[in-house]
Amino acid sequence: QGDSGGLDALAQPVAVRVEEEGLVLAESTRRDLEILLARCRQREGLAGTLGVAVASRYGAGVRALFLGPSGTGKTLGASWLAGRLALPLYRVDLASVVSKYIGETEKNLAELLARAEAAEVVLFFDEADSLFGKRTEVNHSNDRFANAQTNYLLQRIESYEGIVILASNSRSRFDPAFSRRIDLVIEFPAPGPDERRRLWEAHLGRGHSLSPRDINRLAAHCDLAGGNVRNVVLAAAVLAAEAGRPLGWTELLRGLSLECRKLGLPMPSGLEPEPPLPSSAASKRKKMNSHSGIPTPGRAFRLSSEREGPGRALERPTPTFPSPERKALFATPARGHTAKSNRSLGCIQAP
């Protein structure tokens, strides 16, 4: 690493080492980062192999713009690039660079870029649209000075001989002339289900009690970026450590609830704990009761309300499980029997 040369007064060193498995990105973003890495490695001797139209105006500086929502890996991408180049990464402190006094911002930026060139570092402008925003129509004297500041920044960033990365949430906030001065624009989209699953796995590590199915449920239902996943896992790890047990589903749901509340989002559906399955004994008993066919006590027999005709006895219905003896007992009496014999057979004389 080179000497910072007083760069610490205007920028902050980012001492983050990013492993390959820790950088979870879409395949297209990963390919673009590889192209940017190759461009940075070949920047010194590239002009000697090209025509005079390129060589006459070629500069060794590399300028890249990272675009994407917050938490999608722009800072991690810059750290990964600096690590592969074996160069220190410095994040620009906008509070130290931007000044309300006329001309002070340009002066501070000129000093920053000169020190960064001498120190051979990768310079990272986060929220760069606040510096390189669109020029406006001149309606007041302040507009004139703001446009002059933007003009200077565009010219100075084009002549910069080092590696500079600018990050923003939106391309539309930049001045149209800014795009021509950028070598590569890399999109950092919100992660899809597959990237979210790898994000959860990369953040959770091995000290948890979640099943692969639990992680798949998180990836499917939680539309969160990597920065938010990190916050959820950290909160859940704290709760699990306080309880003295491995990080589990309960702690993760509580951490997720805290993060959703912070973002002003509802809790994702489909993540409620699944009810336990019934025991085999209870299931077997339920199945037996539903198919037993055992008659309810007191309701096995009933009297019919229909009349068979004048002077005829009303019959009781055949029981649910009749035996031959019961059939004979409740059979219809033969013609010619007396009322007394009918009563002895258990029949009821019609009125």
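Coordinate-derived values only; no laboratory data. Here the structure is a predicted model, which means the values were calculated and not measured. Virtual Cβ from ideal backbone geometry, glycine too; neighbours counted across all protein chains shown.
Some observations on this one:
- Here ARG17 and ILE102 are evaluated by their C-beta separation; at R0 = 30 Å the FRET efficiency comes out at 0.15.
- Length gained on full extension, ALA220 to ARG84, computed as 0.36 nm times the residue gap minus the Cα-Cα distance: 45.7 nm.
- Here each label is just a point 7 Å from Cα along the line to Cβ, and for ARG230 and ASP194 those points are 2.4 nm apart.
- Exposure proxy ranking for LEU271, LEU109, based on other Cβ atoms within 10 angstrom of each Cβ and starting from the fewest, stands as LEU271, LEU109.
- Length added when fully stretched, GLU111-ARG41, from 0.36 nm per residue minus Cα-Cα: 22.7 nm
- Likely footprinting exposure, ARG180, ARG30, fewest C-beta neighbours within 10 Å first: ARG180, ARG30
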